[in-house]
Structure formats: C-alpha cells, structure tokens
1. What's the local net charge at GLU26, with K and R +1, D and E -1, over the other residues with C-beta under 11 Å away?
2. Let me know the shape class of region 142-296, please: from the alpha-carbon gyration tensor, a ≥ b ≥ c as square roots of the eigenvalues, rounded when a/c is under 1.5, otherwise prolate if a/b is greater than b/c, or oblate.
3. From Cα coordinates alone, what are the radius of gyration and Dmax values for region 8-239 in angstrom?
4. Name the residue farthest towards the positive end of the dipole of the chain from the options ASN420, ASN104, LEU466, assuming +1 on Cβ of Lys and Arg, -1 on Cβ of Asp and Glu, about the Cα centre.
5. Based on the Cα gyration tensor of the chain, what are the three equivalent ellipsoid semi-axes, each the root of five times an eigenvalue, rounded to whole Å and given largest first?
6. Could you please report the charge total around LEU308, scoring K, R as +1 and D, E as -1 over all other residues with beta-carbon less than 14 angstrom from its beta-carbon?
7. What order, most packed first, do the peptides 121-129, 98-106, 383-391 have when packing is the mean number of other Cβ atoms within 10 Å of each residue?
8. Taking LYS217 as the anchor, which aspartates and glutamates have their alpha carbon closer than 20 Å to its alpha carbon, excluding any fewer than eight residues away along the same chain?
Amino acid sequence: MEEFNNNIAIEMKNISKSFGSIKANENVNLTVNNGEVLALLGENGAGKSTLMNMLSGIYHPDSGSIFVYGKEVRFYSPKEPIKLGIGMIHQHFKLIDVFSAKQNIVLGQKGTFVRGQNLSKEIKKLSDKYGLDVDPDKKVYDMSVGEKQTLEIIKVLYRGAKILILDEPTAVLTPQEIKRLFKIIKNMKEQGCAIVIITHKLNEVMEISDRVTVLRKGKSIDTVETSKVTVPKLIEMMVGKTVDLSIDRTVVPDKNLLLEVDNLSVVNHEEGHSLKEISFKLYGGEILGVAGVAGSGQKELCEVIAGLQKSEKGRIFFESENIIGKTPRDIIKLGIRMGFIPEDRLGMGLVASMDMVYNLILKDYQLQPGIMLKKKASIEKAKKIVERLDIQTPNIYTPVSRLSGGNIQKVLLGREIDSNPKVLITAYPVRGLDIGASYKIYELLNDQKKNHVAVLFIGEDLDVLLELCDRIMVICDGEITGIVDADKTTKEELGLLMVGGKQMEVAND
Ligand SMILES: Nc1ncnc2c1ncn2[C@@H]1O[C@H](COP(=O)(O)OP(=O)(O)O)[C@@H](O)[C@H]1O
Ligand SMILES: [Mg+2]
C-alpha cells in the first residue's frame, strides 16, 4: 500500500514532454520535500526549464503525473499552480518596467481590492519575515537586476507561495546579490518552504542544496544527497563521462602592442570617479584578465573603450591612434569588438523575437549597407556559428527568445568572434553557461589569442582567470591595484588586490 508522506511538497512521476521531434523530458522523476532545497542540475538543453514550466502551468505533460502535497493535479493555466502555493521565478523576468514594485505585486490579482496602505504593510511583513529588501514605490526601470529578482520573489510570496522554483536565478547576479538571495532561500527553508533551484554553478549547488537531481538529455539520471557527493561526480553525472577541466595556456610569441590605455579617468555623476587614472597595455596574442569585485569599474572600462561612455581625461591608443572621441561605429570599424554580455541577455544586444540570421544582419548592417546582400552571408554565418559553438536550436530561423539562456549567450559571443576582431573585449562570457559550454568559450578565446587577437577578459571566477589569462589586472573602486603574471600569482594575492591592497604591499608580505 502506498502511503502519503506528508513531508513531500511535490512529486513528479514519469513525466514526458516533447516539442515536435524533440523529447525535452522523458520519464522524468523528481521529488521536493518541505523545508528542503533541491538543486536541479543538467547541461544547457537538458530539459530543466521544461520540467519546471509544467509545475507552473505553462506546459502540460504528454504523460506522467504530478502530485502537490499528495494530491494529483493537472494544470491547464498558470493561475492554478499559484492557488496551490507554487511560485516560479523565471529566467527572464516578467515585470512591467513603468510600474512601481507595489503595482507589479498586485498586477493580475483579479478581484482583490487592495488599498495602498494595507499593501505596503503586507509587503513590509513579508519582507521582514524572509529578509527581503525592496522599496515598494521604486519603479522597475530604476531597479538593478538583483532588486528586480527580489521583487519577483515578493510577488510570488504575496500570492501565498510555499513552494518556490528558481530558474537560474544567480546567472545574472553579482556575488553580493547572490549572497543576499541565498540568505532569503535559507530563511524560506527554515519557514518550511520547499525550494527548487536551477544553477550551473556547482559551488552554489554544494552550498545551498540538500539534495541534487540530475537531468541529462531529457532523462533523470539520479538524485543524490549533496553532502554525499563531490563536484567531479556531479559533472560526471551531468555530462555522462569524466571531464578534463583544464585550460591550455599557450604562449604566443611576437606579441604586438594593439591597445594602450593611458591615464584614463571616467566620472560618474552621482558617485564620483568610476575609473581613476588607469594605464595598461594590451597585446595581440595575449589574454589580459580583469579581476575585481562587481561594480569596480568593469562596465565603464568596456564602455569607454567601445566609445559608449565619455572619459574625463586620458587617452586610448589603438595601433598608436588615439580613439577617444570616436563614435562606437568607427571603433567597431577599426576591429575593436565587444563580446560584451549584457546583464539582461534579452534586453540588449539581440532582438529576441527575431532569428539568428536577422540578428547577424542587424549587427553588420551599420557597417555595410545592402540588406539583401547581407542576408545570404548571414545565413552562412549563422550556420557556421551554430556548428562552431554547438548551439542547441531547432534551426537558424528559430526566434532567439526560444533558445535557452546559455545558447543565447553563445549567439552573442559567436557573432563578435565571427567578425575577425583585432581586439576582443568580453565581460562575463560564461555567465549562465554549463560546464561544457564554458570550456568551449575558453577554447574559443584561446583560439582568438593564437590568431594574434588581443583579448580583454572581464571575469569573476578566479580559478578560471588564473588558468586562462597571461596577465591579470585587478581593479578596485575604479583604480588598478595591480597587474600580475597569471603563473606567478595566487588566488590569495588576487583577493587582497581586489579589496584594495596595493601590489607592493602584497609583495612585501
Ligand atoms: N517551446 C519550445 N519549443 C521547441 N523546443 C523547445 C521549447 N522549449 C524547450 N525546447 C527544447 O527542449 C529542450 C530542453 O529545453 P530546456 O527545458 O529549456 O532546457 P534547459 O532548461 O535544461 O536548458 C531543448 O532542446 C530546447 O531547445
Ligand atoms: Mg533553462
């Protein structure tokens, strides 16, 4: 006799779901308990979002059953799961920009007449209970990505969610914002909520989850207790074989100076200087890493080189020509490209509703007129990029918005690399990518380097910076605190430089 264990929040049994010929989920099983954090792990395209979207009523399984608190359910609209206490935070936020936090929270709450005063009180109560921090009157367009996410969480909690599903919530957050989110998750867990989190960062899985369910190519592989598993074992479960996680750092002889930044300062109106008198050289045939706590001036550095941001003083030489004052278009023409991964993957850089071919035309259009001519070339390019970066898409005419987050990122970077740049500037290119895809990107950057491209790599994972880069420049509060050879430094030294220790002081230790 089957007995219902009343500690179980959700049980999914033998779930299958196909899109045309693609079997996104095949006989998948998943259980989440109350007061537990379950990590759902798998490579890009493994079927994680599809599975969770069946819990939020967006998709309906072809076969299999779903139980919520022991009762079998069939969801035919996103409203039904909400009534049962299931809330999902999607990869791409669904907030209305011009509305305030408060307005977004009550949005779509039909039939509930809410007075402003009560609502503010209610929000305050929820915020205190779970340690959430959001200004009810702030407009969404004024919010950082972290604030928007917090608002999404408040929104589902306000609707009474006791089961929270987070689809790659950390992919676009800064380390500080991740810390805050994990605190919220821990609070919810203590209150007895059930939480499913999808993330590619295995250190996060180890830190936050109680159990891990691994999917591979649409099938459930296994569920294990986090405390009884190791990172290499998780990777093996995900990929299906042991993976060599090492990056070859080839040294390219005959480096030539391509970019020289000289005494450059950028002023940010509210907060003073975002870059202060920075000077460095970037050579063709090297990867120069940039390490720093998020918000230390990385964004401004990219933007000022791209011509998108004004400088207060200083010069930037490209092949001995000062490019300060040139338009972004002229700078692109010189061969300086940004494989710049915007915070919000679909907000910038790509037109989500259009396919890859169109997005490639879009980027090149400003350089060479003649849309018809470009179309043929773009089709070829799109095919090449799909193959080279192993992009998972039904075909090149699929709207970019239908691709998974990691694949969108590959399209963005692939587009820049394909233009044969002389200088390639890339910020956080592997955010949201699975292990396999991340190493593919590192390989691509290494190939660029071997082709004598000068690569500026803004990174966040110190291990990767140390393995991939030739030199690492550390910035703190807009100032360079040190430029070190990657094979002569340590994580500890980088950490000290990141919080403002000067290189000399570190060396004297
Ligand atoms: N709406 C859809 N139409 C067609 N194919 C889809 C759709 N949603 C997902 N897929 C496909 O299903 C597979 C699993 O996708 P997804 O669940 O998004 O993976 P994950 O979240 O693990 O990266 C992928 O091959 C993806 O291209
Ligand atoms: Mg997904």
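1. +4
2. Judged from the Cα gyration tensor, region 142-296 comes out oblate (a/c at least 1.5, b/c at or above a/b).
3. For region 8-239, the Cα radius of gyration and maximum Cα-Cα distance read 17.4, 53 Å.
4. Ranked along the dipole, the leading option is ASN104.
5. 40, 26, 24
6. Around LEU308, the surrounding residues sum to +2.
7. 98-106, 383-391, 121-129
8. The qualifying aspartates and glutamates are GLU26, GLU43, ASP62, ASP167, GLU168, GLU236, GLU387, ASP390, ASP434.
The values are calculated or read from the model by the stated rules, or taken from the named source; none is laboratory data. None of these values were measured; they are calculated from a predicted model. Cβ sites come from the backbone with ideal geometry, for glycine too, and all protein chains shown count toward neighbours. Just the protein is used for accessible areas: all its heavy atoms, side chains included, with ligands, DNA and RNA removed. Shrake-Rupley method; radii C 1.70, N 1.55, O 1.52, S 1.80 Å.
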